[in-house]
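For reference, the structure discussed in these notes is given below.
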Amino acid sequence: QVQLVESGGGLVQAGGSLRLSCAASGRTFSSYAMGWFRQAPGKEREFVARISRGGGWQYYSDSVKGRFTISRDNAKNTVDLQMNTVKPEDTAVYYCAAKDSVFGSPSPKEYDYWGQGTQVTVSS
């Protein structure tokens with residue numbers, strides 16, 4: 001079992017930065033690939049970024065590539081999402097998720113555990 005708790009969301013102006021963090025419980029955090037997803041009102045949950053369980057491999061959606069950075073600290077059981085040059089279209093509830101695999105997946109259906117989400121609002 002893995003419990004995930006996100007933090008760091010809030011209101012930010014377009015062009016600004018925000019750092020999201022996800023804290024995981026359990027001793028087997030390093031066994032899971034981690035992903036960040038987001039869901040805007042009226043839209044489906046979409047993939048944002050994922051990181052391999054060792055942290056050496058990252059993958060991003062085209063919409064955030066070059067602006068967002070995912071990282072993890074297996075000693076602290078955390079995974080972060082650094083969001084730079086944010087845009088109004090980044091406004092959504094952001095979720096972290098854990099998948100019992102090496103590399104994870106862009107499909108939210110394949111993840112085993114989810115956090116409760118944190119709201120990010122980008123003003124223009």
Accessible area per residue, Å², the chain with all protein chains present, probe 1.4 Å: 51
Projected onto the charge dipole of the chain (unit charges on the beta-carbon of Lys, Arg, Asp and Glu, signs +1, +1, -1, -1), the Cα from Gly104, Ala33, Gly55 with the largest positive-side position is that of Gly55
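Quick one: with all protein chains in place, what share of the accessible area of segment 25-74 is carbon or sulfur, to the nearest percent (1.4 Å probe)?
Values: 1130 of 2600 Å².
Here carbon and sulfur together make up 43 percent of the probe-accessible area.
The values are calculated or read from the model by the stated rules, or taken from the named source; none is laboratory data. Since the model is a prediction, treat every value here as computed from it, not as a measurement. Cβ sites come from the backbone with ideal geometry, for glycine too, and all protein chains shown count toward neighbours. Ligands, DNA and RNA are excluded from the accessible area calculation, which covers all protein heavy atoms including side chains. Shrake-Rupley method; radii C 1.70, N 1.55, O 1.52, S 1.80 Å.
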